[in-house]
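These notes are about the structure you will find just below.
The values are calculated or read from the model by the stated rules, or taken from the named source; none is laboratory data. The shown structure was predicted, so the numbers you read here are calculated from the model rather than taken from an experiment. Please note: Cβ atoms are built from the backbone with ideal geometry, for glycine as well, and neighbour counts cover all protein chains shown.
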Amino acid sequence: MTRTENRGAEHGVTTAERPGESCRELRTADRGSGARIRLLHYPADVPGTTWADDLPAEVARYADAVATPLLPMSGEGKRLTGAVYTRDGRLIKDSERGKNSGFHNRTKLYPKLRSQPLRDTVFYNSFTGRQYSDSPRAVHQELVARGLPLEHIWVVSDGQAAIPPSGRSVALWQHEWYEAMATSRYIVTNQHLPGWFRRREGQVVVQTWHGTPLKRIGFDIEDLHFADTKYFEKLAVEAGNWSHLVSPNTFSTPILQRAFRYDGEMLEIGYPRNDVLFAAGAEREAIVADVRGRIGLPAGKKVVLYAPTWRDDEFYRGGQYRISMMIDLAAAQARLGDDHVLLVRRHPNVVDEIKGAGNGFVHDVSAYPDMADLLAITDVLITDYSSVMFDFANTGRPMIFFTYDLEHYRDKLRGFYFDFEAEAPGPLLATSDEVIEAIRTADTTAAQYETRYKAFAERGCDLDDGHAAARLVDAMLKSGGTPVVRGD
């Protein structure tokens, strides 16, 4: 047993099942031998511990470790190792792993680094270092295409994002991460920044956010169910650090201003992440062939993508949420497997594995770098309340909504910004059987929702045209005093 496992045991965390005793499952993971392990928490082992208590940081890190596939130690297939691996089996170096010495770094190191001169650097944050993706990726690619003398730095959490040669990575919580936050002239983020961050004079912070809101966000949430109970307190400070807030459509502009209590400059420009959806002809064919090849999809089969959002009240601990897989995957394969494949994309906040993936029909594409690429190859989208519906509406292809918990989500968790039931551009379905049948008849169903679909696209896609990244870059460079140079 490793030192970390010993510490886990001190807090009632173990991989050993004890029949008849009450516990909660924190994670499951594959061993190198193909067997499964379960990480269990027995609160009764520690006096005063309750189900609502957060796990100590060191135990949480251990839980994170077993949430990734573990390779066996040499000659052994039945032991946990102290090493951590990415989902493709690469060993994560110690230098790539976050260190939880945050108090000193945010109170001493970061303020000290702020006294250094600003660098001609663009610092990118996509889902807190978990991806090279989304609008930050589109901005990066636009800047590189223009050949400007700017350095490109990406934050990466535990080696989860592969950064191309045009940029370099810094590990979350490491010295270089604090340095990049303190000294980069430009910061492009699609997610919340740390509560201790303060934009300094000369810095330009672009908040792209990560979706058109259907569900209520920010201060519009009436009853907070997040694991982070201080969310509102942090948001009140954070929005004042943004130089620009990107609006993907005119519908979103007043919502974003109100929900974030933001009175700075809005960039009403469309979503850079959607530019790829406007590729046509040979360019689109090349993108589709590349993405299908990287995932390993068979030729000739239609692609169905299931991309649900996360539930505020279904979580293990702060920032780590569960998924309830309500689609009967075996039934779907039996009825659709001859001519379809099913891709499942977990929300970045969700940590559960997709059981049954890898069988030739179900593909867990949660680790694929960018959602926009997946939308580009998708023939039929299944979602629920996710903002991906607005992005996909640019394609004109069929959408199905699996809203098995509609009343609970609408009335208890978030609430909606418009009458979703009356205006959704596809059927709202409550059972797995209904979803499977709707996939089989997708073209017929889509024709029934043609008028709704057109109206929905006019609302959610009115600014998207394939050039949003260029408009964002122009505005960002102008604010930062860098000459605006157009690419070829």
Could you give every pair whose Cβ atoms fall below 6 Å, whose first residue belongs to segment 424-441 and is farther than 22 Å from His408 by Cβ, and whose second residue is assigned to a loop (DSSP other than H, G, I, E, B) and not small (Gly, Ala, Ser), counting only separations of at least 6 or pairs across chains? Pro425/Tyr449
Mind listing whichever residues of segment 353-374 are within 14 Å of the chain's Cα centre (by Cα), closer than 22 Å to Ile436 by Cβ and in contact (Cβ under 8 Å) with a residue 24 or more places away in the chain? Val365, Leu374
Is there a residue being modelled with pLDDT of 95 or more, farther than 30 Å from Met476 by Cα, surrounded by 21 or more Cβ atoms within 10 Å (Cβ to Cβ) and among the aromatic types (Phe, Trp, Tyr) anywhere in segment 294-306? yes
Ala279 in contact with a helix residue (DSSP H, G or I) (Cβ under 9 Å, 6 or more places away or on another chain) and small (Gly, Ala, Ser): yes
Can you name the number of the only condition in (1) surrounded by fewer than 18 Cβ atoms within 10 Å (Cβ to Cβ); (2) on the phi < 0 side of the Ramachandran plot; (3) modelled with pLDDT of 95 or more that Leu477 fails? (1)
Against the condition outside the structural domain of Asn349 (by TED's automatic domain parsing) and either closer than 19 Å to Glu151 by Cα or outside any helix (DSSP H, G or I) (or both), how does Glu238 come out, does it pass? no
Pairs under 6 Å by beta carbon, first residue farther than 17 Å from Trp154 by Cβ in segment 180-206, partner among the basic types (Lys, Arg), six or more apart or different chains? Gly195/Lys234; Trp196/Arg106; Arg200/Arg114
Enumerate the pairs (first residue in segment 461-485 and among the charged types (D, E, K, R); second residue anywhere and assigned to a helix (DSSP H, G or I)) with beta-carbon separation below 7 Å, excluding pairs fewer than 6 apart on the same chain, so at least 6 apart or on different chains. Asp464/Asn274; Asp465/Phe278
Name the residue that is nearest to the chain's Cα centre (by Cα), counting only residues in segment 326-342 that are surrounded by fewer than 16 Cβ atoms within 10 Å (Cβ to Cβ) and either outside any loop (DSSP other than H, G, I, E, B) or at pLDDT below 95 (or both). Met326
Considering only residues that are of a type in the set (Lys, Arg) and in a helix (DSSP H, G or I), look in segment 254-304 and name the one that is nearest to Gly460 (Cα to Cα). Arg273
Answer residue from segment 411-428, given it is out of contact with any helix residue (DSSP H, G or I) (no Cβ under 7 Å at 6 or more places or on another chain) and surrounded by fewer than 17 Cβ atoms within 10 Å (Cβ to Cβ) and is farthest from Ala442 (Cα to Cα) among those: Lys412
Filter pass, Thr445 being part of a helix (DSSP H, G or I), polar (S, T, N, Q), touching a residue at least 40 places away in the same chain (Cβ under 8 Å) and touching a helix residue (DSSP H, G or I) at 6+ places or on another chain (Cβ under 8 Å): yes
